[in-house]
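Notes for the one structure printed next.
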Amino acid sequence: MALTTSGFENLGVGTDGVTSMSETLELAKAAEALGYHSFWLSEGYHSRSAIVRATLIAAATSKIKIGLGILSPHTKHPALLAMEAASLDEVARGRVILGIGRVLNALRKHALDSAGTTQLVKESIEISKKILSGQRVQYDGRIFKMPPPGSRLDLDPCGELPVYVGATGPAMLKLAGEYADGILFNYPCTPSFVAYAMPLIEEGLKRSRRSLENFGVAGYLLISVDENEKKALDAAKRFVAQKLPTRHSAMLQHAGVNAAEIGAVKEQVERLGVAQAAAELEDDLVRKVAIAGTPDQVVQGVRAFAGTGLKLPIVWEIVGAERRRALGLIARDVMPKLR
């Protein structure tokens, strides 16, 4: 039976490509058994493929939804992203969510021009949704072209497959509301950031004459849980040390992290290495970007999102010192207190 909470659709869980294929599959099967809503997979450059990992999960599960979040239309044509999502949907019918957006790491590591990204994502949504619906698509956009006679899926259409957008900046937040089926906030997602983003999303929804009622709002929350608060904090520190300097400045600003703190973490990682720099991180800095602690502390951290507009909190990557055990702790000792 799926978990439910007052104010939230449910709870998702997810990993990035650094987690091994075997552990990803183990966590996904455990999440399904525990009643989590969805399992989300990001795509880093260059680690494990989100599509390959999702296919393994699709074949090994039967109920849990599978989120592809976020894939880059800079590195793969949106018609190909739709083709892959539709192929996955054939294995996991009705369980796939396609997420697309600006993936900064893809731009940096492939030396791609980020100019015109908002237009590129708009065209990507339009193309992918048309392809997924089974239409024969001809398209003449500013960025993407699909010349006559056009192209269509040579498999059963899956027009109900939702397309989410990964968005942070104002233009992309409005775009998501106007054209997409939902939005996925990256980490470190905070209540302050969600509250800032929602009016911009609603502005986009009004343009398309839609409301929030049927629009998905999901966010990656850095959550680390253990009965021992120190263990939960320590589990979060390595991830925070490694990832904090690469995060979007607007999200860090909403988390209350200043430039001096970011610079200090970056300098320590370069000088000491990730492991030692993580050991020296201040607990207060970790708490700014992560919900880390005992089950009761995690309850309080997640409750802070109630009323912001977030519908689907996603327990992202850290989970706890022992991740599979931590998933059970959240299902047993956190979710019942959020209902």
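The numbers here are math on the coordinates, done by the rules we state, and not lab data. Everything quoted here is computed from the prediction, not taken from an experiment. Positions of Cβ are generated from backbone atoms using ideal geometry, with glycine treated the same way; all protein chains shown enter the neighbour counts.
Numerical summary
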| quantity | calculated |
| --- | --- |
| Percent of beta bridges antiparallel (DSSP, the range 1-124, rounded to nearest 5) | 10 percent |
| Coil-residue trypsin sites (Lys or Arg not before Pro) of the range 153-259, DSSP, other Cβ within 10 Å capped at 12 | ARG209 |
| Residues of type aspartates and glutamates that LYS337 reaches as a straight line, Cα spacing below 12 Å, ignoring anything fewer than 8 places off in the same chain | ASP296 |
| Neighbourhood charge, 12 Å Cβ-Cβ cut-off, centred on MET83 and excluding it, Lys, Arg +1 and Asp, Glu -1 | -2 |
| Reachable aspartates and glutamates from LYS129, criterion Cα separation under 17 angstrom, eight or more residues apart if same chain | GLU84, ASP89, GLU90, ASP140, ASP154, ASP156, GLU160, GLU178, ASP181 |
| Calculated Rg and Dmax of the Cα atoms in Å (choose from (1) 21.0, 68; (2) 19.0, 56; (3) 19.4, 62), label | (3) |
| Tail fraction, Cα-Cα pairs, the range 187-259, threshold 13 Å, whole percent | 73 percent |
| DSSP-defined antiparallel bridges as percent of all bridges, the chain, nearest 5 | 10 percent |
| Label-point separation in nm, ASN105 to VAL18, each point 7 Å along Cα→Cβ | 0.8 nm |
| Environment charge of ILE70, counting only residues whose C-beta is closer than 10 Å and scoring Lys/Arg +1, Asp/Glu -1 | 0 |
| Value of Rg/Rh across the range 146-185 [Cα atoms, Kirkwood radius] | 1.14 |
| Sorted by Cβ neighbour density within 10 Å, fewest at the top, the residues HIS110, HIS254 | HIS110, HIS254 |
| Calculated from backbone phi, Karplus (6.51, -1.76, 1.60) coupling profile of the range 21-27 in Hz, x at Gly/Pro | 4, 5, 6, 4, 5, 4, 5 |
| ARG324 paired with ASN258, simple spin-label distance in nm, labels 7 Å along Cα-to-beta-carbon | 4.5 nm |
| Full-extension gain in nm, ALA306 to GLU213, via 0.36 nm per residue minus C-alpha separation | 31.9 nm |
| Assigned charges on the beta-carbon of Lys, Arg, Asp, Glu; the range 216-339 dipole about Cα centre (debye) | 500 debye |
| Acute angle (nearest 10 degrees) that the helix 50-60 long axis makes with the longest principal axis of the chain, alpha-carbon atoms | 90 degrees |
| Net charge contributed by nearby residues that have their C-beta within less than 15 Å of ARG108 (K/R +1, D/E -1) | +2 |
| Inter-probe distance in nm under a simple model that places probes 7 Å from Cα toward Cβ, at SER249 and ILE143 | 2.2 nm |
| Residue list for the range 12-27, given a label point 7 angstrom along the Cα-to-Cβ vector of ARG332 and an amide N cut-off under 18 Å | 27 |
| Dipole of the range 101-199, positive direction: furthest Cα of GLY182, THR117, SER128, with charges on the beta-carbon | THR117 |
| Residues in the range 39-65 that a label on GLU160 would reach, taking backbone N under 17 Å of a point 7 Å out along Cα→Cβ | 62-65 |
| Hz values of 3J(HN,Hα) by residue in the range 112-125 - Karplus curve (6.51, -1.76, 1.60), Gly and Pro given as x | 9, 6, 8, 4, x, 4, 4, 5, 4, 5, 4, 5, 5, 4 |
| CYS189, CYS158 arranged by Cβ crowding within 10 Å, fewest neighbours leading | CYS158, CYS189 |
| DSSP beta bridges in the range 121-221 [antiparallel fraction, %, rounded to 5] | 30 percent |
| Cα-based Rg and Dmax for the range 77-197, where Dmax is the largest Cα-Cα distance (Å) | 15.0, 48 |
| Residues whose placed amide H lies under 5 Å from that of SER47, excluding near-sequence neighbours | none |
| Gap separating the Cα centres of the range 307-330 and the range 10-53, nearest whole Å | 12 Å |
| Qualifying GluC sites (Glu not before Pro) in the range 272-330, DSSP loop, other Cβ atoms within 10 Å at most 15 | GLU280, GLU282, GLU322 |
| Within straight-line cross-link reach of LYS288, aspartates and glutamates at Cα separation under 14 Å, skipping those fewer than 8 residues along the same chain | GLU261 |
